[in-house]
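First comes the structure, then the notes that go with it.
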Amino acid sequence: MKIIRFLDSQGQVRYGSLQADGSALALSGSLFDLRPTDERTDVAKLLAPVVPTAIFGIGLNYRFHAEESGAKVPQYPILFFKAPNALQNPGDPIVLPTAMKSDKVDYECELAVVIGKSCKNATRENALDYVLGYTCANDVSARDWQIERGGGQWSRGKTFDTFCPLGPALVTTDEIPNPNALKIKTVLNGQTVQDWNTDDMIFDVPALIEFLSGSTTLLPGTVILTGTPHGVGMARTPHLWLSAGDTVTVEVEGIGQLTNPVVEETVSPQ
């Protein structure tokens, strides 16, 4: 099932099941206990399919990306965090920071995993049992704050407002039995800049869940960003940074397209 979260014409937040013709049937209940209905519903505005309880990011998790970054293949997953303020809806803008100025904002197409029930000490064998579904993510990254001014931590450059677009839908595991066999790409202003497959992950989805849940409870609604393939702007010559006026699309096979325009932050005088 493709689950969407949206505003209806009355301004109410609702869930729906996306149909083949583009319409939606309303779903009742919470995201973790949705029940189908026969009610066709109007979708006035598409929202991110989940409001995360936590956002775990994984760095350097594709072999070719590690190579283009000049990094060694990590022994363990490289973990960072994004704060909930970074969440952005499909179609809403990625905002380039100006108050805390960044001139090196990058795109990163990613497969996002959404945990559906409390998960602690999962094994590789049962890890996918805890997954509610998958969606597209753009792990937008201010490379200057991530690498040059982050004090050795990545999170400052990863967690500005709007730096975690998610969507357009949450696709349940029955439709994606193997998350590590999906085409994934980024299109920037009509040009394909990343185009690869999730089978190149160093740590696949079961391995990530096993690692992250070790002695740690992953709450329902936890989002895991599983890393990006090669082709990021930082690794290009010349560098390719996001600019106001750009449009960036992340596409994952079986899920759909997540598109966001890019604007510059407007800072009101104090």
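The values are calculated or read from the model by the stated rules, or taken from the named source; none is laboratory data. Please read all numbers here as calculations on a predicted model, not as lab measurements. Glycine also receives a Cβ, built like all others from the backbone with ideal geometry; neighbour counts cover every protein chain displayed. We work out accessible area using only protein heavy atoms, side chains counted, and drop any ligands, DNA or RNA first. Shrake-Rupley method; radii C 1.70, N 1.55, O 1.52, S 1.80 Å.
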Ile184 vs. criteria open to solvent by less than 30 Å² (accessible area, probe 1.4 Å), in contact (Cβ under 8 Å) with a residue 40 or more places away in the chain and not in a strand (DSSP E or B) = no
So which residues in region 142-185 are under 18 Å from Leu60 (Cβ atoms) and in contact with a Pro (Cβ under 7 Å, 6 or more places away or on another chain), if there are any at all?
-> Ala142, Ile184
Exactly one condition in (1) among the small types (Gly, Ala, Ser); (2) touching an Asp or Glu at 6+ places or on another chain (Cβ under 9 Å); (3) without any contact (Cβ under 8 Å) to a residue 24 or more places away in the chain is not met by Ser9; state its number.
-> (3)
Output the qualifying pairs, or none if there are none: Cβ atoms under 6 angstrom, residues six or more apart or on different chains, first residue in region 150-176 and free of Cβ contacts under 8 Å to residues at least 40 places away in the same chain, second residue open to solvent by less than 10 Å² (accessible area, probe 1.4 Å).
-> Gly150/Gly157
Name the pairs whose Cβ atoms lie under 6 Å apart, with the first residue in region 21-35 and under 13 Å from Val50 (Cα atoms), the second in a loop (DSSP other than H, G, I, E, B), and 6 or more positions between them or separate chains?
-> Phe32/Gly116; Phe32/Pro220
Matching residues in region 43-76 (open to solvent by 40 Å² or more (accessible area, probe 1.4 Å) and modelled with pLDDT under 90) number 8
Selection within region 137-170 - of a type in the set (Val, Ile, Thr) and crowded, with 24+ Cβ neighbours inside 10 Å = Val140
Single residue of region 9-40 satisfying the filter (of a type in the set (D, E, K, R) and under 24 Å from Pro220 (Cβ atoms)) that is most open to solvent (accessible area, probe 1.4 Å) | Arg35
Sort out which residues of region 91-115 are open to solvent by 20 Å² or more (accessible area, probe 1.4 Å) and of a type outside the set (D, E, K, R), and write them in order of number.
-> Gly91, Pro93, Val95, Thr98, Ala99, Met100
Just a yes or no: is a residue in region 229-246 assigned to a strand (DSSP E or B), of a type in the set (A, V, I, L, M, F, W, C) and buried (at least 22 other Cβ atoms within 10 Å of the Cβ)?
-> no
